[in-house]
Amino acid sequence: MLEVTQMWLTGADIKVVKNGQPNEINTSVTINDAALMDSTNVRLGFRYTVLYNPNLAIVNVMGYATCTDTKENVKKLLDQYKKNGTIDQNLAGEVMNLINENVGINSIFMIRPFGLVPQFAPPPIVKMVTPEREMTGNERARPVVKETKKRK
């Protein structure tokens with residue numbers, strides 16, 4: 001399985017078409033270049049894209065990741081890329097996930113001046129349970145503490 005040894009960004013393009021709250025945010029990672037560096041190393045070009053729908057904004061971040069693997073896997077990856085323009089996700093799935101994580105975090109700082117909401121939410125520290133009724137005003141759901149009876 002490919003392992004990333006180096007990653008760098010080469011550019012970004014952020015376009016805000018109109019202001020508003022997105023109904024949907026879609027994120028994708030596309031490998032758009034694969035080049036052999038030596039028998040066990042390959043350089044993958046990538047584009048990280050965030051779409052704010054309906055047609056509010058688009059964020060593109062471009063870069064490269066240098067990866068290492070066995071000679072056989074590097075050859076297999078390059079052959080498939082040359083033939084189909086795609087890469088085997090079994091070989092490069094971890095690389096794509098790492099690109100997503102790394103560029104996703106960095107892009108939060110890029111989009112801040114444009115008033116765009118982050119494309120992902122951090123996991124909650126405390127799981128909140130909302131009441132069955134609609135909350136009004138500044139009401140907030142409180143954590144539910146479940147009482148347990150001691151066994152005798």
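Only one of the numbered conditions (1) within 15 Å of N32 (Cβ to Cβ); (2) buried (at least 17 other Cβ atoms within 10 Å of the Cβ) is violated by T86, and that is (2). Within segment 91-112, identify whether any single residue is modelled with pLDDT of 85 or more, of a type in the set (S, T, N, Q) and in contact with a Pro (Cβ under 7 Å, 6 or more places away or on another chain), and answer yes or no. Within segment 91-112, not a single residue is modelled with pLDDT of 85 or more, of a type in the set (S, T, N, Q) and in contact with a Pro (Cβ under 7 Å, 6 or more places away or on another chain). Checking L56, L36 one by one, the residue that is of a type in the set (A, V, I, L, M, F, W, C) and crowded, with 19+ Cβ neighbours inside 10 Å is L56 and no other. Condition check for G11 on (1) surrounded by 17 or more Cβ atoms within 10 Å (Cβ to Cβ); (2) touching a residue at least 40 places away in the same chain (Cβ under 8 Å): one failure, at (1). The condition of being crowded, with 17+ Cβ neighbours inside 10 Å and on the phi < 0 side of the Ramachandran plot holds for L91. Taking the condition over 29 Å from D33 (Cα atoms), of a type outside the set (G, A, S) and at pLDDT 90 or above, does V74 pass? Judged against the criteria, V74 is not a match.
Residue count for segment 97-117, restricted to those that are surrounded by 19 or more Cβ atoms within 10 Å (Cβ to Cβ) and either out of contact with any strand residue (DSSP E or B) (no Cβ under 9 Å at 6 or more places or on another chain) or outside any loop (DSSP other than H, G, I, E, B) (or both): 4.
The values are calculated or read from the model by the stated rules, or taken from the named source; none is laboratory data. Since the structure is predicted, the reported quantities are computational estimates derived from the model, not experimental observations. Don't worry about glycine lacking a Cβ; one is built from the backbone with ideal geometry, like all the others, and counts go over all protein chains shown.
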